[in-house]
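**Q** Take a look at this one; I'll ask things after.
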């Protein structure tokens, strides 16, 4: 039996106002190819299916049409999704009664019965191509404070923070209940959280806080779990020798993620559920000029020109660019020139910033009004605002304005 671990699709995301739908459709084409070529039996989506709690009708239609396409191209495929911190959990699982009949399981919230967590819902048998149960999936959606009973008391004066102790106990209880039902078959868990020791991505992932903690150690997942498929962190990475893994996002969702080797993770039950990273070609180039630090506008213009981009490429297929400029002239004129450059170049602006030179702190107290003049004050203020000296045009404009006072 083969399992494909994915996460953090973030359907509906925009970048500086630009839709990512073209990239998502390309990713789904590639993902469909992996499902068929690798004879995948189970597709896991470890949370953050959507980018926000109010996805548009078009975004929801993209999700459900994609699931239908996967099921049609790979009959018998099981698809299991959990909610992440970005997802509208109850909306995500609302059509689950219908989807389950098609082999799609959606777990948006932690549900309990009289005996604790409802294991009929959270423990899902995983079947091979012949329909034989070969393993079980323990589905744990993004946990909120209300999902951790006794949180405030669980580790009072204990060796670890209360949130960690409560999360540890919850996963231990669920794993023990799963083992009692699994009949000795392997148990795979799926969750959405941050583990200590994992590398985060600045600018895309929210630090989700419960009880003052935003991360838990990977050993909260009991050794009885053969593999833990996680979402939330966008860099593909493994912990605990590969037993705990983030598959990562499908393509860069922020500037930090440009160097990442995006893809999906394949697991083969016959090979001991050892994770195998399958890289996917980036749907759209996401570039940063310069690659580090800042550069003058002329250098950025030369770098963009060297790309030799086709001006006829449709807008939704044009590269994204992040630009950081050296503040060699006033910010307002520099921004205007940069925006004009982008307008005549077949790219889409993902972010534009200006790196100002830090001024040295004054070594003497500022002069009194009797010791200075309005023009000197203007020159000082201009330098503080723009990290450069006013040129003759600015001085002339100030003198014109001052003469009218």
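**Q** Out of region 17-45, which residues are part of a helix (DSSP H, G or I), within 18 Å of residue 80 (Cα to Cα) and in contact with a strand residue (DSSP E or B) (Cβ under 9 Å, 6 or more places away or on another chain)?
**A** Those that are part of a helix (DSSP H, G or I), within 18 Å of residue 80 (Cα to Cα) and in contact with a strand residue (DSSP E or B) (Cβ under 9 Å, 6 or more places away or on another chain): 31, 34, 35.
**Q** Could I ask something else about it? Restricting the first residue to region 358-387 and requiring it to be more than 24 Å from residue 294 (Cα to Cα), which pairs with a second residue that is at pLDDT 75 or above and not in a loop (DSSP other than H, G, I, E, B) meet a Cβ separation below 7 Å and a spacing of at least six or different chains?
**A** 375/398; 378/398
**Q** Of all residues in region 64-80, which are outside any helix (DSSP H, G or I) and in contact with a helix residue (DSSP H, G or I) (Cβ under 7 Å, 6 or more places away or on another chain)? Walk me through how you get there before you give the answer.
**A** Initial filter on region 64-80 (outside any helix (DSSP H, G or I)): 74-80.
Those that are outside any helix (DSSP H, G or I) and in contact with a helix residue (DSSP H, G or I) (Cβ under 7 Å, 6 or more places away or on another chain): 74, 77, 79.
**Q** Kindly indicate whether any position in region 357-375 is in contact with a strand residue (DSSP E or B) (Cβ under 9 Å, 6 or more places away or on another chain), at pLDDT below 85, within 30 Å of residue 320 (Cβ to Cβ) and outside the structural domain of residue 255 (by TED's automatic domain parsing).
**A** Yes, the conditions are met somewhere in region 357-375.
**Q** Quick one: residue 282 ticks every box in (1) touching a strand residue (DSSP E or B) at 6+ places or on another chain (Cβ under 7 Å); (2) surrounded by 15 or more Cβ atoms within 10 Å (Cβ to Cβ) except a single one, so which number is it?
**A** Condition not satisfied by residue 282: (1).
**Q** Test residue 104 against the stated conditions and say whether it is in contact with a strand residue (DSSP E or B) (Cβ under 6 Å, 6 or more places away or on another chain), surrounded by 19 or more Cβ atoms within 10 Å (Cβ to Cβ) and more than 20 Å from residue 269 (Cβ to Cβ).
**A** yes
**Q** On to the next question. When residues of region 240-260 are filtered for being over 30 Å from residue 222 (Cβ atoms) and touching a residue at least 24 places away in the same chain (Cβ under 8 Å), how many remain? Don't jump to the end; show me each part of the working.
**A** Here is the first cut: in region 240-260, the ones over 30 Å from residue 222 (Cβ atoms) are 251-259.
Remaining after also requiring touching a residue at least 24 places away in the same chain (Cβ under 8 Å): 251-258.
Of the residues in region 240-260, 8 are over 30 Å from residue 222 (Cβ atoms) and touching a residue at least 24 places away in the same chain (Cβ under 8 Å).
**Q** When you look at residue 61, is it assigned to a helix (DSSP H, G or I) and more than 23 Å from residue 33 (Cβ to Cβ), yes or no?
**A** no
**Q** Quick check: is even one residue across region 266-278 in the same structural domain as residue 243 (by TED's automatic domain parsing), at positive phi and assigned to a loop (DSSP other than H, G, I, E, B)?
**A** Yes, region 266-278 contains a residue that is in the same structural domain as residue 243 (by TED's automatic domain parsing), at positive phi and assigned to a loop (DSSP other than H, G, I, E, B).
**Q** Further, regarding this structure: Can you name the number of the only condition in (1) within 17 Å of residue 190 (Cβ to Cβ); (2) surrounded by fewer than 21 Cβ atoms within 10 Å (Cβ to Cβ) that residue 21 fails?
**A** Of everything listed in (1) within 17 Å of residue 190 (Cβ to Cβ); (2) surrounded by fewer than 21 Cβ atoms within 10 Å (Cβ to Cβ), residue 21 misses just condition (1).
**Q** Okay, moving on. Just checking, how many residues over region 330-346 are free of Cβ contacts under 8 Å to residues at least 60 places away in the same chain and in a loop (DSSP other than H, G, I, E, B)? It would help to see each step written out before you state the result.
**A** Here is the first cut: in region 330-346, the residues free of Cβ contacts under 8 Å to residues at least 60 places away in the same chain are 331-346.
With the extra rule that they be in a loop (DSSP other than H, G, I, E, B), the set shrinks to 344-346.
Matching residues across region 330-346 total 3.
**Q** Could you go through region 222-233 and let me know if any residue there is surrounded by fewer than 17 Cβ atoms within 10 Å (Cβ to Cβ) and either within 17 Å of residue 28 (Cβ to Cβ) or touching a helix residue (DSSP H, G or I) at 6+ places or on another chain (Cβ under 8 Å) (or both).
**A** yes
**Q** Which ones in region 195-214 are modelled with pLDDT of 85 or more and crowded, with 19+ Cβ neighbours inside 10 Å?
**A** Within region 195-214, just 195 meets the criteria.
The values are calculated or read from the model by the stated rules, or taken from the named source; none is laboratory data. All of these numbers come straight from a predicted model, not from anything done at the bench. For neighbour counting, all protein chains shown are included, and Cβ atoms are generated from backbone atoms with ideal geometry for every residue, glycine included.
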